[in-house]
Structure formats: structure tokens, C-alpha cells
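Asker: Provided herewith is a single structure, encoded as C-alpha cells, for subsequent inquiry.
The values are calculated or read from the model by the stated rules, or taken from the named source; none is laboratory data. Given the structure is predicted, the values throughout are model-derived calculations rather than measurements. Neighbour counts are summed over all protein chains in view; Cβ atoms, including those assigned to glycine, are modelled from backbone coordinates with ideal geometry.
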Amino acid sequence: MLSALAFIGFSSSAAAKSTDDVCMLNNGDRMTGEIKSLEKGLLKFKSSYMTDAVLLDWPRVTRLESKDHYIIMLTSGKVFTARIQLNASSGESGSFRILTGAASFTAKQIEVLRIRPADQSFWKQLNGTIDYGFSYTSGNSQYQSQLAASATYNGEGYTASSSMSTVFSGQTSGDSTRRNTFGAEYWKLFRQRWFAGGLVELLSSDQQSLDLRTTLGGAIGRNLVQTSRTSLNVFSGVAVTRERYSSIDQPRATNAESLIGLNYSTFRFKSLNIGSRFLVWPSLTDPGRVRMGLNSNLRIELVKDLYWNLNLYENFDSRPPATARRNDLGITTSFGWIF
């Protein structure tokens, strides 16, 4: 499904847009062209004389004006569809004006988290990644293959995302194991950095003798840290889980669980991304049983839109069936593409 979304997104055409936006840096450089976006502290701007758009350090931008409307998100969680205007003297934080019709609002430049054109199609606002990795050891004929993909859509006041991964490993003359995951989330953004929504997770792991675990949950959370380069949020809620193990004597089981989660991401040096997600699932119907899930990755940009990725994952169950293992731990490396 993610591959199909990406394929359609590549073939989308951009809507006509003004190309007389003004951008000025604190060193006096001035450009006229088109504001593409603001993400992770980098303003993407393209002039007619440029082959490709350039990335500008947002704090060094002292003037920015456009007659077009943009979707603007602040660190407080507020979202506007409006025209933008920034005028700042060198050394000042800057006064960012949000123009919505006859009304206007003012925010500090550092409070502007994201800017996207309001007239972009759904597919143009879809961001994602595709990763693939393969390793082989001749000494024991051991191999491992990994495929992963993710997609995120940042709408006006909400975020929707999905991801999938499959890891296959084995030996030519030995047993093989497979691990498949799928997840989807929807979060509604509120003021003062609060958000609420739901998630769906599917997990199949030969390592834990787990044919399929389906989890459906709802939660409310808050962004504790929200800057252009770093994000930290926590959330809590309840979930229902349906499990089926490969053990013959293990029937299907439905459990109610509470949920505690943490997401952390940071962007450094224009080419380094670090992200981590930690979930704890204390059981409500089976007191004493606790599940935990960890997924962390380090991504280093190699060339434009291509990167190298190191991923660590672990699933822990304090009380699995007698024939199943408690842990499913793995480290993978892969090369990927951002779309």
C-alpha cells in the first residue's frame, strides 16, 4: 500500500503558484522565487535561475514575504492557513506575521515549526521513506534481508502516518525466521501542544512463535519539546489486543491493556536524523504481564534524498506462552530513499 502511495505521489503535478516570493538572509543576500517549504529548521526556496531548490538555515532568514497562502504550524500546536510575512533586523529573533484575511497574528520566528503550500495536492504533501538492506556471511551461509517503508501526511490540524517492515533471515542448510510489522496512526492536534488519536499495530514474529498480534488503541498526549529540529512527546491510553501463537495448545486470546508511549526525534548537521519510539503495554486483564516495544534508528544522508540507516528493534513480553521466547531483538542496516 505504501509503495502505491509513493508511486502516485511521484507522478503528481504541482499547481500553478506565484514565483515572486522574496527571501533575504542576514548577510544581505536577496532572492526572488518560490517558497517551497519549511521543515526541520531548513527553508526550501527556489528561484527561476536555479536548477534545484536551495536549503536555507531558518534563523538566518531576515525577510520572507509571499502573496500565496500556506499551511503554517507553530510550536504551540496552532495551525493556520494564511499568507506570511517576516521582517527582522540582523541579530533579532524576528517578527513573523500570519495574515488571515483582514486579521493578522504575530509570532516569534523560532516558534514557526512548519510551512507548506496550502494549494498542494494530497500526494504532494505526503512524505515517506523506502529502505532495503541485505547481508550475507559465507562462513556459515547466513543471510538477512530487510524491507521497510513509511508515509506521513501532515494536514491542517492533524497528522496521519503508516509504516511497514519485513525482516527475513536464515541459513542455507538451517532454519529461517521472518518478522513482519504494520502500523497506522492518526493524531488530532490541539492548542498548547496537546494531541489525541488512535493507532493500529500488527506484528508477526517467528522468533516469539507469534503468528499474529493485532492491537487497536486510543490515547491522549502532549509535546514536551517541540522545536524546528527536536521533538519529544509522551502519550497514554488504553488498547485491545488479539493474539494468536503458533503453539498448538495456545488458543487465541483477547486482552485489554493500558498504553504508555514516548517518541523522540532530532535532526542535526543537515544530514543526521535520530529517532526513537518506546511503548509499554501493562495488561489490564492479565495483571503482572507487561509488554514493551522499542524501535530506534540513526539515519545519515549520503547524497540528495539517499541515506544509510541503522535500526534497532526489540519486543519484550514478561509472560508469553511456555513455548515462546520473551525477547525479539534485532539490528539491521539498510540504504533508503526519501520521497
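Asker: Having 1 or more residues that are within 19 Å of the chain's Cα centre (by Cα), closer than 19 Å to Gly77 by Cβ and of a type outside the set (A, V, I, L, M) is the bar; report the strands (runs of 3 or more DSSP E) wholly within the stretch 100-148 that clear it.
Answerer: Hits in the stretch 100-148: 112-117.
Here's the yes/no breakdown for (1) touching a Cys at 6+ places or on another chain (Cβ under 9 Å); (2) farther than 17 Å from Ser95 by Cα; (3) surrounded by 12 or more Cβ atoms within 10 Å (Cβ to Cβ); (4) hydroxyl-bearing (Ser, Thr, Tyr):
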position: Leu25; (1), (2), (3), (4): no, no, yes, no
position: Gly28; (1), (2), (3), (4): no, yes, no, no
position: Met31; (1), (2), (3), (4): yes, yes, yes, no
position: Glu34; (1), (2), (3), (4): no, yes, yes, no
position: Ser37; (1), (2), (3), (4): no, yes, yes, yes
position: Lys40; (1), (2), (3), (4): no, yes, yes, no
position: Phe45; (1), (2), (3), (4): yes, yes, yes, no
position: Tyr49; (1), (2), (3), (4): no, yes, no, yes
position: Glu65; (1), (2), (3), (4): yes, no, yes, no
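Asker: Of the residues in the stretch 51-63, how many are surrounded by fewer than 19 Cβ atoms within 10 Å (Cβ to Cβ) and not in a strand (DSSP E or B)?
Answerer: 5
Asker: Scan the stretch 69-80 and tell me whether some residue there is among the hydroxyl-bearing types (Ser, Thr, Tyr), assigned to a strand (DSSP E or B), modelled with pLDDT under 90 and in the same structural domain as Ala107 (by TED's automatic domain parsing). Spell out the reasoning first.
Answerer: At the first step, the residues of the stretch 69-80 found to be among the hydroxyl-bearing types (Ser, Thr, Tyr) are 70, 75-76.
Now drop any that are not assigned to a strand (DSSP E or B), which leaves 70.
Next, from what is left, pick out any that are modelled with pLDDT under 90: 70.
With in the same structural domain as Ala107 (by TED's automatic domain parsing) added as a condition, the list becomes 70.
Checked the stretch 69-80: at least one residue is among the hydroxyl-bearing types (Ser, Thr, Tyr), assigned to a strand (DSSP E or B), modelled with pLDDT under 90 and in the same structural domain as Ala107 (by TED's automatic domain parsing).
Asker: Next question. Tell me yes or no: at least one residue of the stretch 157-164 is in the same structural domain as Trp308 (by TED's automatic domain parsing), out of contact with any Phe, Trp or Tyr (no Cβ under 6 Å at 6 or more places or on another chain) and in a loop (DSSP other than H, G, I, E, B).
Answerer: There is at least one residue in the stretch 157-164 that is in the same structural domain as Trp308 (by TED's automatic domain parsing), out of contact with any Phe, Trp or Tyr (no Cβ under 6 Å at 6 or more places or on another chain) and in a loop (DSSP other than H, G, I, E, B).
Asker: Would you mind stating whether Arg83 is in a strand (DSSP E or B), basic (Lys, Arg) and modelled with pLDDT of 90 or more?
Answerer: The answer is no for Arg83.
Asker: Checking the condition basic (Lys, Arg), within 30 Å of Thr177 (Cβ to Cβ) and surrounded by 15 or more Cβ atoms within 10 Å (Cβ to Cβ), which residue from Arg252, Arg244 passes? Talk me through it step by step, then tell me what you get.
Answerer: Numbers: Arg252 fails: surrounded by 15 or more Cβ atoms within 10 Å (Cβ to Cβ).
Of the residues listed, the single one that is basic (Lys, Arg), within 30 Å of Thr177 (Cβ to Cβ) and surrounded by 15 or more Cβ atoms within 10 Å (Cβ to Cβ) is Arg244.
Asker: Only residues that are closer than 24 Å to Gln226 by Cβ and over 20 Å from the mean Cα position of the chain (by Cα): list them for the stretch 39-54, please.
Answerer: Passing the criteria: only Phe45.
Asker: Follow-up. Name every residue in the stretch 174-203 that is surrounded by fewer than 17 Cβ atoms within 10 Å (Cβ to Cβ), farther than 18 Å from Val234 by Cβ and modelled with pLDDT under 95, in order of residue number.
Answerer: Of everything in the stretch 174-203, those that are surrounded by fewer than 17 Cβ atoms within 10 Å (Cβ to Cβ), farther than 18 Å from Val234 by Cβ and modelled with pLDDT under 95 turn out to be Gly174, Asp175, Ser176, Thr177, Arg178.
Asker: Can I ask one more? Please enumerate the residues belonging to the stretch 96-126 that are surrounded by fewer than 17 Cβ atoms within 10 Å (Cβ to Cβ) and touching a residue at least 60 places away in the same chain (Cβ under 8 Å).
Answerer: Those that are surrounded by fewer than 17 Cβ atoms within 10 Å (Cβ to Cβ) and touching a residue at least 60 places away in the same chain (Cβ under 8 Å): Ile110, Asp119, Ser121, Trp123, Lys124.
Asker: In this structure, is Ile8 modelled with pLDDT of 80 or more and not assigned by TED's automatic domain parsing to the domain that holds Ala184?
Answerer: no
Asker: For Ile220, only one of the following conditions fails: (1) more than 23 Å from Asp305 (Cα to Cα); (2) surrounded by 18 or more Cβ atoms within 10 Å (Cβ to Cβ). What is its number?
Answerer: Result: Ile220 passes all but (2).
Conditions (1) polar (S, T, N, Q); (2) crowded, with 18+ Cβ neighbours inside 10 Å; (3) touching a residue at least 40 places away in the same chain (Cβ under 8 Å), marked per residue:
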{"site": "Phe134", "(1), (2), (3)": "no, no, no"}
{"site": "Ala149", "(1), (2), (3)": "no, yes, yes"}
{"site": "Ala160", "(1), (2), (3)": "no, no, no"}
{"site": "Ser163", "(1), (2), (3)": "yes, yes, yes"}
{"site": "Thr172", "(1), (2), (3)": "yes, no, no"}
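Asker: Still on this structure, please answer the following. Which of (1) modelled with pLDDT under 85; (2) crowded, with 17+ Cβ neighbours inside 10 Å; (3) touching a helix residue (DSSP H, G or I) at 6+ places or on another chain (Cβ under 6 Å); (4) of a type outside the set (Val, Ile, Thr) does Ser93 not meet, given it meets every other one?
Answerer: (2)
Asker: Which of (1) in contact (Cβ under 8 Å) with a residue 60 or more places away in the chain; (2) more than 15 Å from the chain's Cα centre (by Cα) is the odd one out, the single condition Asn309 does not satisfy?
Answerer: (2)
Asker: Pick out the one residue from Arg326, Arg299, Arg319 that is under 30 Å from Trp281 (Cα atoms), basic (Lys, Arg) and surrounded by 15 or more Cβ atoms within 10 Å (Cβ to Cβ).
Answerer: Exactly one of Arg326, Arg299, Arg319 is under 30 Å from Trp281 (Cα atoms), basic (Lys, Arg) and surrounded by 15 or more Cβ atoms within 10 Å (Cβ to Cβ), namely Arg299.
Asker: Only one of these conditions is not met by Ser209: (1) in contact with a strand residue (DSSP E or B) (Cβ under 6 Å, 6 or more places away or on another chain); (2) exposed (fewer than 15 other Cβ atoms within 10 Å of the Cβ); (3) at positive phi. Which number is it?
Answerer: That leaves (2) as the condition not met.
Asker: For Ser258, indicate whether it is exposed (fewer than 14 other Cβ atoms within 10 Å of the Cβ) and of a type in the set (Ser, Thr, Tyr). Let's see the steps before the verdict.
Answerer: Numbers: exposed (fewer than 14 other Cβ atoms within 10 Å of the Cβ): no; of a type in the set (Ser, Thr, Tyr): yes.
Considered against the rule, which asks whether it is exposed (fewer than 14 other Cβ atoms within 10 Å of the Cβ) and of a type in the set (Ser, Thr, Tyr), Ser258 comes out as no.
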